[in-house]
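Before any comments, here is the structure.
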Amino acid sequence: MILELKGIYKEYQQGKMKVPVLKDVNFSMEEGEYVAIMGPSGSGKTTLMNIIGCLDKQTEGTFYLDGQDIKACSENAMSDIRLHKIGFVFQSFHLLPKQSALANVEMPLNYARVPKKERRERARKALERVGLADRVDFKPNQLSGGQMQRVAIARAIVNNPKLLLADEPTGALDSKSGAQVMELFQRLNEEGVSVLMITHDAEIASHAKRVVTIKDGILQEKR
């Protein structure tokens, strides 16, 4: 089991009021699965993603990632987990504009203090895996949207994370580039990468092998 959430509640304080966002969420995911969490805007899916991505903590309930109780973790421990166990792919790529594709992919390895030669090699291999071996020296402004997202995916997998967490990964792409990115997720999953995708789009969610829906902070599994 790579992920296990039991009885997860999340509420935010707004002035004197407590605003509930997640209500009794129960969800688990095996290693090697490809799951989509689908829900409209305001459904709580971003809050859930932030908890799964160790960017925030639940108000109540237990969350285990790769056997580790996240609520018991310090900020530093959570930062380590994000670096080593989770690869993030966002809608807006988050690439450094003045750096080459290779330097962008190397970034997590810098933080992990991997020696320079090994960094280069691993970043090249990751770019090869996403079909960009011929674009290593290109900067983001020389790449198409689909290519930029593939650089972001290479950066997400370069540390061999336990989980690839993708938030609306095709949201900023045209349909052809979006289809190529979805093919890439499928291929990575076939290679053994665990993929969890957050989306509002039923067509994008249908690429996953299992779809879970969230509405008004309540998670439901389609059987």
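The values are calculated or read from the model by the stated rules, or taken from the named source; none is laboratory data. Quantities reported herein were computed from a predicted structural model and do not represent experimental measurements. Note: ideal-geometry Cβ built from the backbone for every residue, glycine included; neighbour counts use all protein chains shown. In case anyone asks, the SASA skips ligands and DNA or RNA and just uses the protein heavy atoms, side chains included. Shrake-Rupley method; radii C 1.70, N 1.55, O 1.52, S 1.80 Å.
Here is how the numbers come out for the structure above:
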| read-out | value |
| --- | --- |
| Complete set of residues in the stretch 181-210 that are open to solvent by less than 30 Å² (accessible area, probe 1.4 Å) and not in a helix (DSSP H, G or I) | V193, S194, V195, L196, M197, I198, T199, A208 |
| Looking only at the stretch 102-138, and only at residues there that are farther than 21 Å from V181 by Cβ and among the basic types (K, R), the one that is least open to solvent (accessible area, probe 1.4 Å) | R119 |
| Cross-chain or 6+ apart pairs with Cβ under 6 Å, the stretch 14-29 first and without any contact (Cβ under 8 Å) to a residue 12 or more places away in the chain, then open to solvent by 80 Å² or more (accessible area, probe 1.4 Å) | V19/Y12 |
| The listed residue being assigned to a helix (DSSP H, G or I) and more than 30 Å from G67 (Cβ to Cβ), out of G131, G178 | G178 |
| In the stretch 1-35, residue surrounded by the most Cβ atoms within 10 Å (Cβ to Cβ) [restricted to those that are basic (K, R) and within 15 Å of K57 (Cβ to Cβ)] | K10 |
